[in-house]
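Written out below as structure tokens is the structure these notes cover.
Quick note: the coordinates plus some simple rules give every number you see, no bench work behind them. Note that this is a predicted model, so its numbers are computed, not measured. Virtual Cβ from ideal backbone geometry, glycine too; neighbours counted across all protein chains shown.
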Amino acid sequence: MANSAQARKRARQNNTRRQHAASQRSMIRTYIKKVDAAILAGDYEAATAAYNKAVPVIDRMADKGVIHKNKAARHKSRYNKAIKALKA
């Protein structure tokens, strides 16, 4: 347990930031699930719309450091490839 005032403050700040980051990770997962569901359903229009909504959120979280930039790029690349396959 933190003994000094600055360590107690640090513990409070870390807890707040952890909760905020968890909320943001959950939001990313929700957007990703929507894209997955549309791709599995085979609906090109819905998949494209869901993908276009998810990309800025994924990029923003990667910029903030909530997820790694390569993970964001991997998700975008795979979903883009899957959506293009639906159209063909």
Options 55, 66: the member that is part of a helix (DSSP H, G or I) and surrounded by 10 or more Cβ atoms within 10 Å (Cβ to Cβ): 55
Segment 74-88, residues that are without any contact (Cβ under 8 Å) to a residue 40 or more places away in the chain and over 11 Å from the mean Cα position of the chain (by Cα): 74, 77, 78, 80, 81, 84, 85, 88
The one condition in (1) in contact with a helix residue (DSSP H, G or I) (Cβ under 7 Å, 6 or more places away or on another chain); (2) surrounded by 11 or more Cβ atoms within 10 Å (Cβ to Cβ) that residue 42 fails to fulfil: (2)
Pairs, first over 12 Å from residue 79 (Cβ atoms) in segment 38-51, second of a type in the set (D, E, K, R), C-beta under 7 Å, six or more apart: 44/87
Pairs, first closer than 23 Å to residue 65 by Cβ in segment 1-27, second in a helix (DSSP H, G or I), C-beta under 8 Å, six or more apart: 24/61; 24/64; 25/61; 27/57; 27/61
